[in-house]
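We did not get these values from a lab; they are worked out from the coordinates using the rules stated. Note that the structure is a prediction, hence the values are computed from the model and not measured. Every residue, glycine among them, receives a Cβ derived from its backbone with ideal geometry; neighbour counts consider all protein chains shown.
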Amino acid sequence: MKEPVHKKGIIPTEIDIFNRFYEYNSLFFQNKLPIPFFIVIHTRKTIGRFSCEYNENGDIKNPIIEISDRYEYTEAQLKDIIVHEMLHYYLDYTHQNEPQEHGKRWKQMALFFNEKFGTNIQI
Ligand SMILES: [Zn+2]
C-alpha cells in the first residue's frame, strides 16, 4: 500500500516572497511597483505587513513587505497574503493613501481582485 502523500505547507523565505511579488507585479500591477524590501518576521499575530516612509512631496520611500514564517501556508493563502500587502503598497505608491488601514479604496481593490483574479482576500 502506498503511503499517503503528505503535502507540507510553505514556510516562506525572502526569496519565496520576492519570486511571488515579481510574478504578481507582472500579472496584476503591470510591473508598476518598484521592488520593495522583503523581511521574514516570526510573529504569530502579524502575518503580513506593509510599511513605508514618505518624502516631502508625498512620494513613498523605503517600502517594506514583511511576512511571518510562523505558519505553513498553502499556495493560495500565501498569494492572498502577499497580494493583500501589495494593495497597500499600490495605494501608497499611487498617492491614494487612506486614513483607515483598510479603507474604501483598499476594499474596492480587494473585491475587484477576488472577483477578477480568484483571490480570496479577507475584506
Ligand atoms: Zn492590511
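Modelled spin-label separation between residue 8 and residue 59, with each label point placed 7 Å from Cα along the Cα-to-Cβ direction: 4.3 nm. Ellipticity at 222 nm from helices only: DSSP H runs of n ≥ 4 in the chain, each -39500 (n - 2.57), divided by the residue count, give -13000 deg cm²/dmol. Just tell me which aspartates and glutamates come within less than 18 Å, Cα to Cα, of residue 45; anything on the same chain fewer than 8 places away is out. Leaving aside aspartates and glutamates fewer than 8 places away in the same chain, those within reach of residue 45 are 66, 69, 72, 80, 85, 101.
Working ranking of peptides 80-91, 109-120 by packing, defined as the average number of other Cβ atoms within 10 Å per residue, highest first, is 80-91, 109-120.
FRET efficiency for the pair residue 44 and residue 74, taken as 1/(1 + (r/R0)^6) with r the Cβ-Cβ distance and R0 = 22 Å, rounds to 0.75. Volume per residue of the convex hull around the Cα atoms, evaluated for the chain, comes out as 128 Å³.
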